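Structure record follows, encoded as C-alpha cells.
The values are calculated or read from the model by the stated rules, or taken from the named source; none is laboratory data. All of these numbers come straight from a predicted model, not from anything done at the bench. Here the Cβ positions follow ideal geometry from the backbone for every residue, glycine too, while neighbour counts run over all protein chains shown. Keep in mind that these areas ignore ligands, DNA and RNA; they rest on the heavy atoms of the full protein, side chains included. Shrake-Rupley method; radii C 1.70, N 1.55, O 1.52, S 1.80 Å.
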Amino acid sequence: MKYPPPSPFFSGLDFLDTAIIAVRKNGEVAYFNPAAADLLGLKEEELGLTLSACLAPESPLVQAAITALNENISITEHELLLNSAHGEIYVSMSASPIESPEADALLEVRQIDQQRRIANEERLQAQQQANRELIRNLAHEIKNPLGGIRGAAQLLSSELADPQLKEYTQVIIEESQRLQGLLDRLLTPHRLPKLSELSIHEVLERVRSLVLAETPNGLAVRRDYDTSLPGLIGDREQLIQATLNIVRNAVQAMSGIGEVILKTRITRQATLNRKRFPLAIMVQIIDNGPGIPDALKETLFYPLVSGRPGGTGIGLHLAHTYISQHHGAIEFDSRPGYTCFTLILPLNGWQTNLVPEKA
C-alpha cells in the first residue's frame, strides 16, 4: 500500500499507532498517517477529497469533524462502533480544532476491541464468581430438605397398598432425584482440576464421537486441526465436558441438522485476566445454525439462563467455569448462519498456581 508523503507539519505523526486524520475547513482530507490508512482503508488518491467522500457520510468520524470545524470545540467519544477496513470495530475517537496552515481539525482514532474484551472478561469473571457463591449457598440450603422430602416419600410408598397412590409418591421421588442431580451439577465446578498431561485433540475427538453417536443423521462434524500443537496440562474430564456442552448447544440449536467445525490453532502473546502468556491453544467451535438471540448475548454464561424450551441453562455456565479454572477464556461471535465459540487455553505457567485435588 502507498501512503501519503510526509509533510513538514505532520511527518512526526507517521510513526504513531493511533490513526490520525487532518481535515481542512471545507472538509477536505489534508493528511492521514499509515495507521489511519490501515484502519480505515484510506488511499493516497483520496487526499484532497472530503472526509464524507472517503468515509460514509453518516460515519461518526465525519459528524465529529463537522462539529469540531463548525463550532470550534473538541469532541471525545468512547466505544463507538465503526465500519473499518477490517469489519466492524469499537474505537475511541477525538476531534479537535487546530491552528495550522495545512489543516483546521485533527481526528484521532484508536481501536479498543482488545480493551473491551479484557474489560468484558473481567466483568464476566466477577459476575460468575458472585453467581457461583450464591448458587453454592442456595444448593446447600436446598439439599437437606430435599433429601428429607425424598426419604419421606419412600417411607410413605412402602406403607401404601394402593398402586395408584404409589404412583404419586413415585413422582415425588423421581422429581426429588432430578432436582438432586441438578444441584449436584451446580456444585460440581467448585472442585479444583485434576491435572494431567493431555492432547487437546484427544479431547475434541472424544467430544466428536459422543455427539455423532447422539445425532447419527443430518449432522456433520468436520475437523480443522493444527496437528503440530503441543500437549498441555489440564483436567481431561473438565475440558471434555466444557467442549461437549458447547457442541451440544450448537447441535440442539440446529435441531441436529447442520455442520459443526472443530478448529485448533496456536496463538501467541495471549492476555488472559490481565496476565500475558507467551503461548496458548485456541479451540474454535463453529456452527451454521440460527445464531444466538441478541437478548441472550449479555447473559449467555450466567447460570439458569437458556434460550431453549426445557433447557436448564447450566451447560454454558459450567463450560465457562471449567475454562476459567484453567486460567483460560471463552469468547463468542454469533449471527444468523454463523456462531463461533473460541476457547483460549494457556500452555505455560498457570498450573503452578493450582494444587491438584487430593484423592
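Things worth noting here:
- Set Lys143/Lys297; Lys194/Lys297; Lys194/Lys275; Lys194/Lys263; Lys143/Lys194; Lys263/Lys297 screened for pairs whose C-alpha atoms are more than 28 Å apart: Lys143/Lys297; Lys194/Lys297
- Surface composition of the stretch 225-278: carbon plus sulfur atoms contribute 46% of the solvent-accessible area (1.4 Å probe, protein chains only, all chains present).
- Most to least packed among 31-42, 199-210 [average Cβ atoms within 10 Å]: 31-42, 199-210
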